[in-house]
Amino acid sequence: MKLSFLPEDMNWTCSPCGIALEPGMVELHYMGNVFKVELPVCRKCGAVLISEELALGRMLQVEQLLEDK
């Protein structure tokens with residue numbers, strides 16, 4: 001199963017590098033768990049964009065579920 005959290009508007013630029021972010025697979029680590037997800041990534045420096053909506057929505061729900069274990 002591929003988890004993809006790409007924003008509808010992919011018109012984002014890496015501020016330090018000045019290049020457009022592109023969809024890419026990244027690993028998110030939390031409490032010993034690893035999640036492979038597709039997010040906007042800078043191909044030059046590896047910076048990843050996690051939207052506020054994602055951070056305060058789905059990611060917060062997953063954090064709470066893992067902490068309740």
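Readers should treat all values here as calculations from the given coordinates under stated rules, not as data from a laboratory. All values reported here derive from a predicted model rather than from experimental measurement. Note that we place each Cβ from the backbone using ideal geometry, even for glycine, and neighbour counts take in every protein chain shown.
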In sequence order, calculated HN-Hα J values of the stretch 26-43 (Karplus, 6.51, -1.76, 1.60; Hz; x Gly/Pro): 10, 10, 9, 10, 7, 6, x, 9, 10, 10, 9, 9, 9, 9, x, 9, 7, 6
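Counting each DSSP H run of 4 or more residues in the chain as -39500 (n - 2.57), what helix-only mean residue ellipticity at 222 nm follows after dividing by all residues, to the nearest 500 deg cm²/dmol?
Numbers: 2 runs with 15 residues, N = 69.
It lands at -5500 deg cm²/dmol.
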Once Rg and Dmax of the Cα atoms in Å is worked out from the coordinates, which option in [x] 11.3, 31; [y] 13.0, 42; [z] 15.3, 42 does it equal? [y]
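Can you pull out the GluC sites (Glu not before Pro) in the chain that DSSP calls coil and that have at most 11 other Cβ atoms within 10 Å?
On the way: sites: GLU8, GLU27, GLU38, GLU52, GLU53, GLU63, GLU67; in loops: GLU8.
Of the GluC sites (Glu not before Pro), the ones in loops of the chain whose Cβ has at most 11 other Cβ atoms within 10 Å are GLU8.
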If you build a Gaussian network model of the chain, linking Cα atoms that sit under 10 Å apart, which residue out of LEU54, LEU21, LEU39 swings the most? LEU54
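Would you work out the charge dipole size for the stretch 1-53 about its Cα centre, treating the Cβ of every Lys and Arg as +1 and the Cβ of every Asp and Glu as -1, and quote it to the nearest 20 debye? If you can, show how the numbers build up before the last one.
On the way: 4 positive and 7 negative charges, 61 e Å.
The calculated dipole for the stretch 1-53 is roughly 300 debye.
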Longest principal axis of the chain (C-alpha) makes with the long axis of helix 58-67 (C-alpha) an angle, in degrees to the nearest 10, of 30
